[in-house]
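> I am attaching a structure below and will ask some questions about it afterwards.
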Amino acid sequence: MDIYKKFSFDSAHFLPNLPDDHKCKRMHGHTFNVKIYISGPIDKKIGWIMDFGDVKNVCDPIIKQLDLSLIHISE
């Protein structure tokens, strides 16, 4: 069986090496959507392969690091 959980987060960046008149040289943001897929056998005791709460607990620290962050691309 396969399951998935969707997450989204927003981050900003700028690209300092572009010409001054390029719109992406200025800071701008993006919304990112991530799907985490889990495959495995159904646990006969609980009736599913993994609790979505456990998936969220594993992914949340990473999503929180990326959400509303500024990513700087250095030269």
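> Considering only residues that are at negative phi, without any contact (Cβ under 8 Å) to a residue 24 or more places away in the chain and open to solvent by less than 100 Å² (accessible area, probe 1.4 Å), which ones fall in the range 43-56?
Quick first cut of the range 43-56, residues at negative phi only: 43-46, 48-56.
Checking which are without any contact (Cβ under 8 Å) to a residue 24 or more places away in the chain leaves us with 43-46, 51, 53-54.
Those that are at negative phi, without any contact (Cβ under 8 Å) to a residue 24 or more places away in the chain and open to solvent by less than 100 Å² (accessible area, probe 1.4 Å): ASP43, ILE46, ASP51, GLY53, ASP54.
> Filter the range 6-27 down to residues that are in contact with a His (Cβ under 8 Å, 6 or more places away or on another chain) and aliphatic (A, V, I, L, M) and give me whichever is modelled with the highest pLDDT.
Of everything passing the filter in the range 6-27, ALA12 is modelled with the highest pLDDT.
> For the range 1-19, give me each residue that is under 19 Å from ILE71 (Cα atoms), in contact (Cβ under 8 Å) with a residue 12 or more places away in the chain and part of a loop (DSSP other than H, G, I, E, B).
Those that are under 19 Å from ILE71 (Cα atoms), in contact (Cβ under 8 Å) with a residue 12 or more places away in the chain and part of a loop (DSSP other than H, G, I, E, B): LEU15, PRO16, ASN17.
> State the number of residues belonging to the range 25-55 that are touching a strand residue (DSSP E or B) at 6+ places or on another chain (Cβ under 7 Å) and either closer than 28 Å to SER69 by Cα or part of a loop (DSSP other than H, G, I, E, B) (or both).
From the range 25-55, those touching a strand residue (DSSP E or B) at 6+ places or on another chain (Cβ under 7 Å) are 25-39, 49-50, 52, 55; that's our starting set.
Keeping just the survivors that are either closer than 28 Å to SER69 by Cα or part of a loop (DSSP other than H, G, I, E, B) (or both) gives 25-38, 49-50, 52, 55.
Of the residues in the range 25-55, 18 are touching a strand residue (DSSP E or B) at 6+ places or on another chain (Cβ under 7 Å) and either closer than 28 Å to SER69 by Cα or part of a loop (DSSP other than H, G, I, E, B) (or both).
> Residues that are touching a residue at least 24 places away in the same chain (Cβ under 8 Å), among the aliphatic types (A, V, I, L, M) and open to solvent by 100 Å² or more (accessible area, probe 1.4 Å): does the range 20-42 have at least one? Explain how you work it out, then say what you get.
Taking the range 20-42 as the starting set, the residues that turn out to be touching a residue at least 24 places away in the same chain (Cβ under 8 Å) are 27, 32-42.
Still in the list and also among the aliphatic types (A, V, I, L, M): 27, 34, 36, 38, 42.
Next, only the ones that are open to solvent by 100 Å² or more (accessible area, probe 1.4 Å) stay: 27.
For the range 20-42, residues touching a residue at least 24 places away in the same chain (Cβ under 8 Å), among the aliphatic types (A, V, I, L, M) and open to solvent by 100 Å² or more (accessible area, probe 1.4 Å): present.
Matching residues to (1) over 13 Å from the mean Cα position of the chain (by Cα); (2) under 19 Å from TYR4 (Cβ atoms):
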site: ILE36; (1), (2): no, yes
site: GLY40; (1), (2): yes, yes
site: LYS44; (1), (2): yes, no
site: TRP48; (1), (2): yes, yes
site: VAL58; (1), (2): no, yes
site: ILE62; (1), (2): no, yes
site: SER69; (1), (2): no, no
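> Being of a type outside the set (Asp, Glu) and at positive phi, is that true of even one residue in the range 12-25?
Residues of the range 12-25 that are of a type outside the set (Asp, Glu), as a first pass: 12-19, 22-25.
This time we only want the ones that are at positive phi, so: none.
For the range 12-25, residues of a type outside the set (Asp, Glu) and at positive phi: absent.
The values are calculated or read from the model by the stated rules, or taken from the named source; none is laboratory data. As the structure is a prediction and not an experimental result, all values here were calculated from the model. Counting neighbours? That spans all protein chains shown, and the Cβs are built from the backbone with ideal geometry, glycine included. Just so you know, the surface numbers come from the protein's heavy atoms only, side chains and all, with ligands and any DNA or RNA stripped out. Shrake-Rupley method; radii C 1.70, N 1.55, O 1.52, S 1.80 Å.
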